[in-house]
1. For the ranges 181-187, 146-152, 325-331, what's the packing order if you count other beta-carbon atoms within 10 Å of each residue, average per peptide, and put the highest first?
2. Given a Förster radius of 22 Å and the C-beta distance between residue 206 and residue 175 as r, what FRET efficiency does 1/(1 + (r/R0)^6) yield to the nearest 0.05?
3. Grab the other residues whose beta carbon is less than 13 angstrom from that of residue 146, score K and R as +1, D and E as -1, and report the net.
4. If contacts are Cα pairs under 8 angstrom and at least 6 residues apart, what is the relative contact order of the chain in percent?
5. For the stretch 92-152 and the stretch 195-226, what is the separation of their C-alpha centers, rounded to whole Å?
6. When ranked by the protection proxy of mean other Cβ atoms within 10 Å per residue, highest first, what sequence do the peptides 81-87, 267-273, 172-178 form?
7. Hey, can you rank 42-55, 347-360, 200-213 by average C-beta count inside 10 Å, highest first?
8. Do me a favour and compute the ellipsoid semi-axes for the stretch 74-122 from its Cα gyration tensor, root of five times each eigenvalue, largest one first, whole Å.
Amino acid sequence: MQRRTFLKSAGAGLGVTAAALAPKAFADGPVIKWHLASSFPKSLDTIFGASDLLADRLNKITGGKFQLRVHAGGELVPGLQVLDAVQNGTVECGHSASYYYVGKNMALAFDCALPFGLTARQQNAWMYFGGGIKLMRELFKQYNIIQFPGGNTGVQMGGWFRKEIKSLADLKGLKMRIPGIGGQIMAKLGAVPQTLAGGDIYPSLERGAIDAAEWVGPYDDEKLGFHKIAKNYYYPGWWEGGPQLSFFVNLKKWNELPPAYQAAFETACVEANVNMLAEYDFKNPQAMMRLIKQGAKLRAFPKDIMEAAKKAAFAMYEEEAKKNPTFANIYKEWKSFRDMENQWFKVAEASYANFLYYSK
Ligand code: CA
C-alpha cells in the first residue's frame with residue numbers, strides 16, 4: 001500500500017519527482033536536448049508514433065535528462081533527406097526507412113526490406129543475432145551514422161487495383177504507384193511504376209492517371225480511401241515482406257553521449273521496434289474487416305506473377321552483386337541467413353499457422 005502511494009505521487013509530478021528518482025548516472029549527468037527528424041507525416045500515426053514513444057521513454061528513463069524533440073517529415077528537412085540531415089549534423093537523429101536511400105547504395109535496402117526478403121521476425125533475428133546490425137553499421141559508418149531497428153509494419157498489402165489482375169499478362173502497361181525496388185521489378189514484369197507521395201495517390205487513382213496503387217496495409221490504406229475507387233485489394237505486398245524502419249544517430253553525437261544515455265537510447269529503440277509491429281497487428285485486422293464491409297475485394301496475386309517477380313528480384317540482386325562489392329558482401333550473408341530461416345519457418349510456424357487459419 002505504501003509502495004502504491006509512493007508510485008502514485010511519483011507519477012503525479014513527473015518533471016521534478018522523476019528527476020529526483022533517476023539513477024545517479026542521470027541525476028548527476030548533463031541535460032541533453034536533441035532534435036529528431038522523422039521521414040513520416042503525423043497521419044501515418046503508427047509509424048510516426050515510434051519517434052514519440054522513443055522521446056517519451058528517454059525522458060522517463062533519464063528523469064528528464066535526455067530530451068528529444070520530434071519533428072514530422074518536412075518540418076525541419078524533407079522526408080527523404082533524413083539520412084543526409086543526420087549525416088551532416090543538421091539534426092542529431094532521425095527516423096526513416098533505409099530503402100529510401102538506395103540511390104546512394106542499394107545495400108542500404110538490407111536495413112529495411114528487399115522484395116521476397118525477410119519477414120519481420122526474421123529481420124529481427126538477423127539484426128539482433130544474425131550479424132545484421134554489425135554488417136549494416138559498417139555501411140552506415142560511411143555516412144557518419146549509427147542506426148537502430150525502429151519498427152516494422154509486418155507484411156504489407158499488394159495494393160488497390162481498379163481492375164482484376166488474372167495473370168502476368170494483365171500487368172502489361174498497367175500504371176501503378178509503387179516506388180523503389182518493387183517498382184523496378186514491376187517494370188520488368190511489364191507494368192509502368194510511378195512514384196507518388198501519399199497525398200497524391202488518391203486523386204491520381206480517381207482520375208484514372210494510374211490503374212493501381214500500393215501504400216501500407218489496411219489501417220493506413222483505409223485513411224486514404226482507396227477502397228472507394230479501386231475495389232480489388234491484392235495481397236501479399238511481396239516487395240515489403242517485413243520492412244524495418246530505423247533510427248539514425250549522428251555518430252559523433254552518439255560518441256559524445258555518456259554510456260548510461262546510450263543504453264537508455266538503445267533500450268527505448270528496442271521497445272519502439274517491438275511496439276510498432278504489435279500495434280499494426282492490433283489495428284490491421286479491424287481495418288481489414290471495415291474495408292471488406294465497404295466493398296473491398298480481397299484477392300491473392302496470381303501465382304505466375306509471384307513466381308516471375310521473385311525470379312526478376314533475385315536476378316536483379318545477382319546483377320547488383322557483380323558491380324557493387326558492399327552489396328555483394330551483405331547479400332551473401334543475408335541470403336544464406338534467409339535460406340536457413342525459411343527452412344525452419346516452414347516446419348513449425350507455417351504448419352501451425354496454416355492449420356490455425358484455415359481449420360473450421
Ligand atoms: Ca508499401
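1. Numbers: 181-187: 20.9, 146-152: 25.6, 325-331: 18.0.
For the peptides 181-187, 146-152, 325-331, the packing ranking is 146-152, 181-187, 325-331.
2. On the way: r = 13 Å, r/R0 = 0.61.
The value I calculate is 0.95.
3. Numbers: positive: 134, 137, 141, 252, 253; negative: 92, 111, 138, 256, 266.
Here the count lands on 0.
4. Details: 604 pairs, mean separation 75.7, N = 360.
After rounding, I find 21 percent.
5. Cα centroid of the stretch 92-152 versus Cα centroid of the stretch 195-226: 26 Å apart.
6. Values: 81-87: 22.9, 267-273: 20.3, 172-178: 18.4.
The most tightly packed comes first, giving 81-87, 267-273, 172-178.
7. On the way: 42-55: 20.1, 347-360: 8.9, 200-213: 18.2.
Ranked by mean Cβ neighbours within 10 Å, highest first: 42-55, 200-213, 347-360.
8. Working: eigenvalues 108, 25, 16 Å².
Semi-axis lengths for the stretch 74-122 are 23, 11, 9 Å.
The values are calculated or read from the model by the stated rules, or taken from the named source; none is laboratory data. Not measured: the values here are computed from a predicted model. Reconstructed Cβ throughout: ideal geometry from the backbone, glycine too, with neighbour counts over all protein chains shown. These accessible areas exclude ligands, DNA and RNA; they are computed on the full protein's heavy atoms, side chains included. Shrake-Rupley method; radii C 1.70, N 1.55, O 1.52, S 1.80 Å.
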